[in-house]
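The values are calculated or read from the model by the stated rules, or taken from the named source; none is laboratory data. What you see is a predicted model, and the numbers here were worked out from it, not measured in a lab. Neighbour counts run over all protein chains shown; Cβ positions are idealised from the backbone, glycine included. Heads up: the accessible areas ignore ligands, DNA and RNA and are worked out on the full protein's heavy atoms, side chains in. Shrake-Rupley method; radii C 1.70, N 1.55, O 1.52, S 1.80 Å.
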Amino acid sequence: MTVVGPFGVSVRDQALEADVQAGLAAVEEGLLEATKSEVPFIQEAAQHLLRAGGKRFRPLLVMLAAQFGDPYAPGVVPSAVVVELTHLATLYHDDVMDEADVRRSVPSANARWGNSIAVLTGDFLFARASHILADLGPEAVRIQAEAFERLVTGQILETAGPRDGRDPIAHYLDVLGGKTGSLVAVSGRFGALMSGADETVVDVLTQYGERLGVAFQLADDVLDIASDSDESGKTPGADLREGIPTMPVLRLRERAERLGLAEDAALCELLDSDLSEDARHAEALIRLREHPALETARRDAVRYAEEARATLAPLRECDAKAALVELCDAVVHRAG
């Protein structure tokens, strides 16, 4: 049994291992090629996060989904490059919006070159993804456009916040479905579609990706509170400092309203205060790490991973399916 991919997914079949590893290597080459420019500064900025590494979670899903058709079909690797370029572009924009200083254990693009360069570099990556996408046909363009619309809508919903009377947790899950679930769903869909898999398989892997993407982000929410910067590659509690409510905070607020405990109210009050001061921010992190809301948020991630696993039931039993099942566990294990 060999371990491959960003989360140590076990692959029992040597042929599958070879296909996945070769596919991911080809994606890496494609990403480097797609981020080249005749202008050295543009290339440096475009490859900044690419060379910093990353999980390549979405390309891995493309490669595994392609196993249900022809994994060597010409559109498989380019479609994986498209989804990863799109993801990278959103990171440049996210870091500007969040005023992040660190990404993947290196200075963020906005911290290094300023917001304008970071935004324009993200736009450059979107343009390169669109160029590759055009060669994959009108159906692929439509799928990507719909996903991108959902991604942007999710970001806008997060910025606007829930409307009056809307459950904040339900609102947040809608946000995650757009911001993260949409592009992971496309990864499953592109892998199956480009490999020529049956329509039923394409639908199953799209639904799987949607749920897995939400589980992935919920696990990231837990990591943002529970881990240190060496483990996550980002500054811990960045969302706390910016006042962005992720699932652990939402679960805390829900519990405070439901139980009316003084200690919960006190922590909510701390989180609502100015956390730009390092000492106050550190105190908030420590107290939230010790609070039951963090475990509740962890269970939310597990629940979505279990839903993703359940969607795979109609697929034939094979090593690729076993790897997809294990990917569900690997995604939430990071938050364990």
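Let me spell out the model: positive unit charges on the Cβ of Lys and Arg, negative unit charges on the Cβ of Asp and Glu, origin at the Cα centre of the chain. What dipole size does that give, in debye rounded to 20? Write out the running numbers ahead of the final one.
Details: 33 positive and 55 negative charges, 70 e Å.
That gives the chain a dipole magnitude of about 340 debye.
When only Cα pairs under 8 Å and 6 or more residues apart are kept, what is the percent relative contact order across the stretch 38-165? Show your work: numbers first, answer last.
Working: 104 pairs, mean separation 31.5, N = 128.
Here the relative contact order equals 25 percent.
Which residue, Phe57, Phe148, Phe41, has the most motion in a Gaussian network model of the chain that connects Cα atoms within less than 10 Å?
Comparing Phe57, Phe148, Phe41 in the GNM, the peak value goes to Phe41.
How about the stretch 32-141: which GluC sites (Glu not before Pro) there are in a DSSP loop, with at most 11 other Cβ atoms within 10 Å of their Cβ?
Details: sites: Glu33, Glu38, Glu44, Glu84, Glu99, Glu139; in loops: Glu38, Glu99.
Passing sites in the stretch 32-141 are Glu38.
If you line up the long axis of helix 247-259 against the longest principal axis of the chain, both from Cα atoms, how many degrees apart are they, to the nearest 10?
Rounded to the nearest ten degrees, it is 40.
Over every pair of different alpha-carbon atoms in the stretch 198-318, take the mean of 1/r and invert it; report that Kirkwood radius in Å. Can you show the working numbers first?
On the way: mean 1/r = 0.0632 Å⁻¹.
Roughly 15.8 Å, rounded to one decimal.
How far is helix 278-289 tilted off the main Cα axis of the chain, in degrees rounded to 10, range 0 to 90?
The angle comes out near 70 degrees.
Whole-Hz Karplus ³J(HN,Hα) for the stretch 55-64, in order, using 6.51 cos²θ - 1.76 cosθ + 1.60 and θ = phi - 60°, x for Gly and Pro?
7, 6, 4, 5, x, 4, 5, 4, 5, 5
Could you let me know the centre-to-centre spacing of the stretch 113-132 and the stretch 175-202, using Cα atoms, in angstrom?
24
Could you give the angle, 0 to 90 degrees to the nearest 10, between helix 182-194's Cα long axis and the longest principal axis of the Cα atoms of the chain?
Value to nearest ten degrees: 10.
Provide, for q = 0.10, 0.12, 0.21 Å⁻¹, the log10 of I(q)/I(0) from a solvent-free Debye sum over equal Cα point scatterers in the stretch 84-170.
-0.33, -0.47, -1.01
Of the residues Ala46, Ala265, Ala129, which exhibits the maximal mean-square fluctuation in a Gaussian network model of the chain defined by a 10 Å Cα contact cut-off?
The residue with the greatest mean-square fluctuation here is Ala265.
Of Phe216, Met247, Val204, which is farthest along the charge dipole of the stretch 152-309 in the positive direction, counting Lys and Arg as +1 and Asp and Glu as -1 at C-beta?
Positive-most Cα among the choices belongs to Val204.
Take the alpha carbon gyration tensor of the stretch 178-242, find the square roots of its eigenvalues, order them as a ≥ b ≥ c, and report rounded if a/c is under 1.5; if not, report prolate when a/b exceeds b/c, else oblate.
Working: a/c = 3.77, a/b = 3.15, b/c = 1.20.
Note, shape of the stretch 178-242 comes out prolate.
Have a look at Arg241, Arg211, Arg142 and tell me which one the Gaussian network model of the chain (Cα, springs below 10 Å) gives the largest fluctuation.
Arg142
Given Cα pairs under 8 Å that are at least 6 residues apart, what percent is the relative contact order of the chain? Spell out each step's value before the answer.
Working: 513 pairs, mean separation 65.1, N = 336.
With pairs under 8 Å counted, the relative contact order is 19 percent.
With +1 assigned to the C-beta of every Lys and Arg and -1 to the C-beta of every Asp and Glu, and no other charges, what is the dipole magnitude of the stretch 198-318 about the Cα centre in debye, to the nearest 20? Let's see the in-between values first.
Working: 15 positive and 28 negative charges, 70 e Å.
Charge dipole of the stretch 198-318: 340 debye, to the nearest 20.
Which value, in debye to the nearest 20, gives the size of the charge dipole of the stretch 166-221 about its Cα centre, when Lys and Arg are +1 and Asp and Glu are -1 at the Cβ?
Working: 4 positive and 8 negative charges, 22 e Å.
Around 100 debye, computed over the stretch 166-221.
Find the accessible area per residue for the chain; the probe is 1.4 Å, ligands and nucleic acids are left out, and the unit is Å². All intermediate terms of the calculation are to be shown ahead of the outcome.
Working: 14970 Å² over 336 residues.
The answer is 45 Å² per residue.
Can you run phi through the Karplus equation (6.51, -1.76, 1.60; θ = phi - 60°) for the stretch 175-181 and list ³J(HN,Hα) in whole Hz, with x for Gly and Pro?
Coupling constants for the stretch 175-181: 4, 5, x, x, 5, 10, x Hz.
Go ahead and estimate [θ] at 222 nm for the chain from helices alone: -39,500 (n - 2.57) per DSSP H run with n ≥ 4, summed, over the residue count, rounded to 500. Walk me through the numbers on the way to the answer.
Numbers: 18 runs with 242 residues, N = 336.
One gets -23000 deg cm²/dmol as the mean residue ellipticity at 222 nm.
With a 1.4 Å probe and all protein chains left in place, how much of the accessible area of the stretch 198-318 comes from carbon and sulfur atoms, in whole percent?
Of the solvent-accessible surface of the stretch 198-318, carbon and sulfur hold 47 percent.
Could you tell me which of Phe41, Pro292, His333 has its Cα farthest along the dipole of the chain towards the positive end, charges placed at Cβ (Lys, Arg +1; Asp, Glu -1), taken about the Cα centre?
His333
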